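One structure below.
Each reported figure results from applying straightforward, stated rules to the coordinates on display, with no laboratory input. Worth saying up front: this structure is predicted, and the values here are computed from it rather than measured. We place every Cβ from the backbone using ideal geometry, glycine too, and count neighbours over all the protein chains shown.
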Amino acid sequence: MILTDQGILACIKSGSIVIEPFDRACLGTNSYDVHLGKAIATYKDRTLDAKKHNEIEVSEIGPEGILLQPGTLYLGVTMEYTETHAHVPFLEGKSSVGRLGIDIHATAGKGDVGFCNYWTLEISCIQPVRVYAGMPIGQLIYFAVEGDIENPYSKKSSAKYTEKRPLPMESMMFKNSF
C-alpha cells in the first residue's frame, strides 16, 4: 500500500516520517517532491574498483548550474534530509527530469525502514544537460510494511550510509566481504 498525501501528513505529524525542510507545496497526491542540493561529486578516477575505496571530488553547483555530460556518473544529493521509521521509502525521478534524459539512480531507488539521511543521487544523462541546485529532481513514495521491524537500518552494525551530512556519499562496496 502506498501512502496518500493525507497518510504522509499523518506520518509527519506522528514523527514516523521526517522531511526537513518540509514544504506543503511539494506534497503530491501520493508522493513528496525532493530537490537537487548544492553539492555534486564525480569519482577522481575514471576506472572504478569494487574492492577499493574510490574517492570522489565534491564541488558546489553555482547559480549558473552545472552541465552534465554523458558517460560520467555524478553523485548528487537531495536538499531534503529524511527519516523513515515505519515505511519503505522509494525515490523515483520526476517525469520532467526523465524527459530531459536524466536518470537519478542507477539501482538504489529503495530505502530501508530506519533510513535517516540525505539521499545520494546516482545521476547520469543521455545527452549534455544543465541542472541547477534547488530544481525538483525526484519524488519520494512511501510503502507500508507488514509486521514488526527487528533491525531498522539506522541501528544495523553493517549499515554503511548513516553519517548525517548534506553531501553525496561514494560507494562503500569496498567495506563488504567478497
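Taking the options I123, I149, I102, name whichever one is surrounded by fewer than 17 Cβ atoms within 10 Å (Cβ to Cβ) and of a type in the set (A, V, I, L, M).
Details: I123 fails: surrounded by fewer than 17 Cβ atoms within 10 Å (Cβ to Cβ); I102 fails: surrounded by fewer than 17 Cβ atoms within 10 Å (Cβ to Cβ).
Answer to the selection: I149.
Quick grid of which residues meet (1) under 17 Å from W119 (Cα atoms); (2) without any contact (Cβ under 8 Å) to a residue 40 or more places away in the chain:
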{"site": "T4", "(1), (2)": "no, yes"}
{"site": "K13", "(1), (2)": "no, yes"}
{"site": "P21", "(1), (2)": "yes, no"}
{"site": "A41", "(1), (2)": "yes, no"}
{"site": "D45", "(1), (2)": "no, yes"}
{"site": "L48", "(1), (2)": "no, no"}
{"site": "I66", "(1), (2)": "no, no"}
{"site": "P70", "(1), (2)": "no, no"}
{"site": "M79", "(1), (2)": "yes, no"}
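Tell me which residues, restricted to the stretch 11-50, are within 27 Å of M173 (Cα to Cα) and in contact with a helix residue (DSSP H, G or I) (Cβ under 6 Å, 6 or more places away or on another chain). Working first, answer last.
Going through the stretch 11-50, the residues within 27 Å of M173 (Cα to Cα) turn out to be 34-50.
Residue satisfying the conditions is A50 alone.
Within the stretch 126-146, can you find the residues that are within 17 Å of Y32 (Cα to Cα), among the hydrophobic types (A, V, I, L, M, F, W, C) and buried (at least 19 other Cβ atoms within 10 Å of the Cβ)?
Answer for the stretch 126-146, where residues must be within 17 Å of Y32 (Cα to Cα), among the hydrophobic types (A, V, I, L, M, F, W, C) and buried (at least 19 other Cβ atoms within 10 Å of the Cβ): I137, L140, I141.
Going residue by residue through the stretch 22-44, is there one that turns out to be part of a strand (DSSP E or B), surrounded by fewer than 11 Cβ atoms within 10 Å (Cβ to Cβ) and not hydrophobic (A, V, I, L, M, F, W, C)? Spell out how you get there, then give the answer.
In the first step, residues of the stretch 22-44 are kept if they are part of a strand (DSSP E or B); the result is 27, 32-43.
Adding the requirement that they be surrounded by fewer than 11 Cβ atoms within 10 Å (Cβ to Cβ) leaves none.
No, the stretch 22-44 has no match at all.
I'd like the residue in the stretch 29-55 that is over 17 Å from T78 (Cα atoms) and not charged (D, E, K, R) and, out of all such residues, is farthest from the chain's Cα centre (by Cα).
Residues of the stretch 29-55 that are over 17 Å from T78 (Cα atoms), as a first pass: 29-30, 43-55.
Filter once more, keeping what is not charged (D, E, K, R): 29-30, 43, 47-48, 50, 53-54.
Values: T29: 20, N30: 18, Y43: 18, T47: 24, L48: 21, A50: 21, H53: 21, N54: 19 Å.
The selected residue is T47.
I'd like the residue in the stretch 89-122 that is within 13 Å of the chain's Cα centre (by Cα) and among the β-branched types (V, I, T) and, out of all such residues, is nearest to P21 (Cα to Cα).
Restricting attention to the stretch 89-122, the residues satisfying the condition of being within 13 Å of the chain's Cα centre (by Cα) are 89-94, 103-112, 115-122.
Filter again for among the β-branched types (V, I, T), leaving 104, 107, 120.
Details: I104: 20, T107: 26, T120: 17 Å.
Ranking the candidates gives T120 first.
Go through (1) within 22 Å of K164 (Cβ to Cβ); (2) surrounded by 13 or more Cβ atoms within 10 Å (Cβ to Cβ); (3) not aliphatic (A, V, I, L, M) for G65 and report which single condition fails.
(1)
Contact list please: Cβ distance under 6 Å, first residue in the stretch 105-125 and within 10 Å of E83 (Cβ to Cβ), second residue among the acidic types (D, E), pairs at least six apart or on different chains.
Every condition considered, the pairs that remain are C116/E83.
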